[in-house]
Structure formats: C-alpha cells, structure tokens
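S.K.: Below is a structure I'd like to ask you about.
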Amino acid sequence: MKKLTIGALALTLLASGCADMSATQRGTATGAGIGAGIGGVLGAATGGGGGGRAVGGAAIGGALGAVIGNVWSTRMENQKRAMEQATQGTGVQVTQTQDNRLKLEVPSDISFDSGRSDIRPNFRVVLDKFAATLNENQATTVTIVGHTDNTGSDAINNPLSMERAARTRDYLTTRGVSPGRFHIDGRGSHEPLVANDSDFNRARNRRVEIFVAEPQQR
C-alpha cells in the first residue's frame, strides 16, 4: 500500500505548491504531477521489489507528464484576452480549462440556426478575430466540438453536430489557419448544458465549443 501512495503524495504536494506559481508554471507542474501519479501506480503494480520501483515509476511518469501537458504561456494568455475583448457582449464564453486549454463556447444565437450548419454573419466576425489569434500562435492545436438540442433523432443530430464543427474549421482555414492543426468532433444531443425542456434551453444546447491547446514541448 505504501507504494500506491507515491502518486497521491505527488499530487498533494503539487496542489499545495501551485498557489505561488505563475499560470505557465502551473501548467507544467500539473502535467508533471499527473504523470508522477501514473508512474507511481504503474511502478507499484508491476513491481514487487521495494519502494525503488515505485519511486522510479513516479520520476519517469513525472517527466512524461511534463512533456505531454499543456502550457498556459504568455501567448495563450494574450489570446484569451484578445478573444474576451472581441466577443464582449456576444454571449460567447471565453475561459481557461483545468488542463490549460483556451475554451470558446459559442451559443446558437450567433452561430447556427436550428437544424442548420451554415455559419451566421455574427459568428464570422468572431471567427475572423479568432483566426488572427491562431495565426499569431502557430504552436497551438484546435479541437472543435459541435452540439445540437434534442429536436429530431440521432440520425439527424449526430451528423449535424459534426457538420457544424466541420464548417467552423473550414471557415478558419479560409482565414489562413493550417488544416493540420484541427481535430473536429460531433456529440449530437448527448452532452446538453441544460435540460431540453424549453426553447430557451434548447437554444443553449445548440452550440459549438472550441478548444485551443499549446502542448508542452520536449
């Protein structure tokens, strides 16, 4: 059991130490801490042979976590601020996620009409500014996830949500963002923000979520 506490200890120390770190340092430390926890568990599970195996696993895992974690760099912070200014008053939510990704949550009243994947004019204004920030930080990758309300069947909603993500990606590529930086997904009506029990709530669930990540470099 002592071996299995290595990862928990690493994560506890991480949580207590992160308070005095910058956003960028927290990004690297979070990745390292998660990696250490995984490495410690793997060392214990494969080990026998004393605590050295678990400690070694934690060290390897920590190094791996630092490599694969996302960085919240000055560039990412500047991009967040630029998008907050560009979307002020539009209803678009701009946040930093726990895994150090920039998230844009775009509601239906500026993105897509019900049952459609055509990008509305108000959404183009947001995407134009967004593309400019992406072109300023070429190290980032972009994940776009489309969502629908529960009107209609999965046979309609699943491809519609994917098409919304694809149309968003395609528009950004016309603004100079490399197609190779994108991953798209469609979740249909399966991940609602709120219950689909009113027109207002269904409109909230028809949305696009855009995530930007700057992976930790080796």
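The values are calculated or read from the model by the stated rules, or taken from the named source; none is laboratory data. Because the structure is predicted, anything quoted here is derived from the model rather than measured. We place every Cβ from the backbone using ideal geometry, glycine too, and count neighbours over all the protein chains shown. To get the accessible areas, we keep the full protein, side chains included, count just its heavy atoms, and leave off ligands, DNA and RNA. Shrake-Rupley method; radii C 1.70, N 1.55, O 1.52, S 1.80 Å.
S.K.: Might you work out the accessible area of T174 for me, using a 1.4 Å probe with all protein chains in place, and round it to the nearest 10 Å²?
M.R.: Using a 1.4 Å probe on the heavy atoms, I get roughly 90 Å².
S.K.: So, R0 is 35 Å and r is the distance between the beta-carbons of N78 and D154; what FRET efficiency does that work out to, to 0.05?
M.R.: Numbers: r = 40 Å, r/R0 = 1.14.
Here the calculated transfer efficiency is 0.30.
S.K.: So, R0 is 35 Å and r is the distance between the beta-carbons of T173 and D199; what FRET efficiency does that work out to, to 0.05?
M.R.: On the way: r = 33 Å, r/R0 = 0.95.
The calculated FRET efficiency here is 0.60.
S.K.: Roughly how many Å² of E77 are accessible to a 1.4 Å probe, to the nearest 10?
M.R.: 50 Å²
S.K.: Next up: Over the heavy atoms of F123, what accessible area does a 1.4 Å probe trace out, to the nearest 10 Å²?
M.R.: For F123, solvent-accessible area is about 0 Å².
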